[in-house]
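Here is the structure we will look at.
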Amino acid sequence: MLIPLGDDNSDRLTRPFLTYAIIAANVLVFVLFQGCGANQKFTYAFSTVPQEILSGQDQVTSGEVLKDEQSGESFRMPDLEKTPLSVYITLFTSMFMHAGLMHLLGNMLFLFIFGDNLEDRMGRFKFLIFYLLCGALASLAHVFSSSMFHQNLMIPSLGASGAISGVLAGYLVLFPRKRVRVLIVRFITEVPAIAAIGLWFLFQVINGLGVLGSGSGGGVAYGAHIGGFLAGLVLVKLFDSGVRA
């Protein structure tokens, strides 16, 4: 297991206020609106449900036990709530919600370490658009991979992982040799970003192929991680104008 602990910010010229604001927004949504995970009505109203995105129709369900026609396995249907406005708004709202405290802390750690450098390089406005686009495209990647691999389309997804995957891809392209301090098993060392992020992405691909190929959700939206990363690779140069915030 590889956990990032920090990076070299000696060349950063600005304070990453937008990165801090995004982190604060995620924390506030989790605490105030999700009730630290207890308010499932809010969570199930604003999470991305693949079936809703594919059909364009809101789904309101009860927590009954059903049988998946594709796998033959029984599962408990989540209590999906009515989504205000269009269901497509969940492509954005879902990236500010989390399934639990560790989910939130893990994502915010990655954003704290890698987001500031992209914000400094792109400028705040462009970084915000880049972040939101990567998150939305990551959610769409999860939706279409779930459909393609015959996963349960009624299971909602949420979290900032897809957007942050795009941030990691942008960091890899713009700062491939920047030193990143990581914890590997029990040892702390420094490695170039291309190694740290490259290993992370390899882990996503390996696990994603196993999960997607099995037709089981596995609790982690690897399709969103991979999709967000690929979106970041494609988009980063469009937003890299060298303008400072």
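The values are calculated or read from the model by the stated rules, or taken from the named source; none is laboratory data. Values in this document were obtained by computation on a predicted structure and should not be read as measured data. Heads up, the Cβs are rebuilt from the backbone with ideal geometry, glycines too, and the neighbour counts pull from every protein chain shown.
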* **Check on ALA136, within 17 Å of PHE229 (Cβ to Cβ), assigned to a helix (DSSP H, G or I) and free of Cβ contacts under 8 Å to residues at least 60 places away in the same chain** => yes
* Inspect all residues belonging to the stretch 112-133 and state whether any of them is within 13 Å of GLY228 (Cα to Cα), buried (at least 23 other Cβ atoms within 10 Å of the Cβ) and in contact with a Gly (Cβ under 9 Å, 6 or more places away or on another chain). => yes
* Asked: Does any residue in the stretch 1-19 that is more than 22 Å from PHE96 (Cβ to Cβ) come within less than 9 Å, Cβ to Cβ, of a residue that is among the basic types (Lys, Arg) and in a strand (DSSP E or B) six or more places away or on a different chain, and which pairs are these?
  -> LEU5/ARG181; GLY6/ARG181; ASP7/ARG179; ASP7/ARG181; ASP8/ARG179; ASP8/ARG181
* Asked: Does the stretch 191-207 contain any residue that is at pLDDT 95 or above and not hydrophobic (A, V, I, L, M, F, W, C)?
  -> yes
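Here is a yes/no grid of residues against (1) in a loop (DSSP other than H, G, I, E, B); (2) surrounded by fewer than 16 Cβ atoms within 10 Å (Cβ to Cβ):
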| site | (1), (2) |
| --- | --- |
| ILE155 | yes, no |
| ALA163 | no, no |
| ILE188 | no, yes |
| ILE197 | no, no |
| GLN204 | no, no |
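Listed here are the residues, each with its yes/no results for (1) exposed (fewer than 15 other Cβ atoms within 10 Å of the Cβ); (2) of a type in the set (Val, Ile, Thr).
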position	(1), (2)
ASP7	no, no
PHE30	no, no
PHE42	no, no
SER55	yes, no
VAL60	yes, yes
* Structure fact -> Going through the stretch 208-245 in order, the residues found to be assigned to a helix (DSSP H, G or I) and at pLDDT below 90 are GLY208, LEU209, GLY210, VAL211, LEU212, GLY213, SER214, TYR222, GLY223
* Could you list, in sequence order, all residues of the stretch 134-150 that are surrounded by 19 or more Cβ atoms within 10 Å (Cβ to Cβ), polar (S, T, N, Q) and touching a Pro at 6+ places or on another chain (Cβ under 8 Å)? => SER146
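Return a yes/no flag: does the stretch 73-87 have any residue that is part of a helix (DSSP H, G or I), acidic (Asp, Glu) and in contact (Cβ under 8 Å) with a residue 40 or more places away in the chain.
no
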* Candidate set from the stretch 11-60 (those that are more than 23 Å from ASN117 (Cα to Cα), of a type in the set (A, V, I, L, M) and in a helix (DSSP H, G or I)); member that is nearest to the chain's Cα centre (by Cα) -> VAL29
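Criterion first (under 14 Å from THR48 (Cα atoms) and either outside any helix (DSSP H, G or I) or touching a strand residue (DSSP E or B) at 6+ places or on another chain (Cβ under 8 Å) (or both)) does VAL180 satisfy it?
On the way: under 14 Å from THR48 (Cα atoms): no; either outside any helix (DSSP H, G or I) or touching a strand residue (DSSP E or B) at 6+ places or on another chain (Cβ under 8 Å) (or both): yes.
In short, no.
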* Name the residues in the stretch 144-178 that are closer than 18 Å to VAL234 by Cβ and either aliphatic (A, V, I, L, M) or touching a Lys or Arg at 6+ places or on another chain (Cβ under 7 Å) (or both), would you? -> ALA163, ILE164, VAL167, LEU168, ALA169, LEU172, VAL173, LEU174
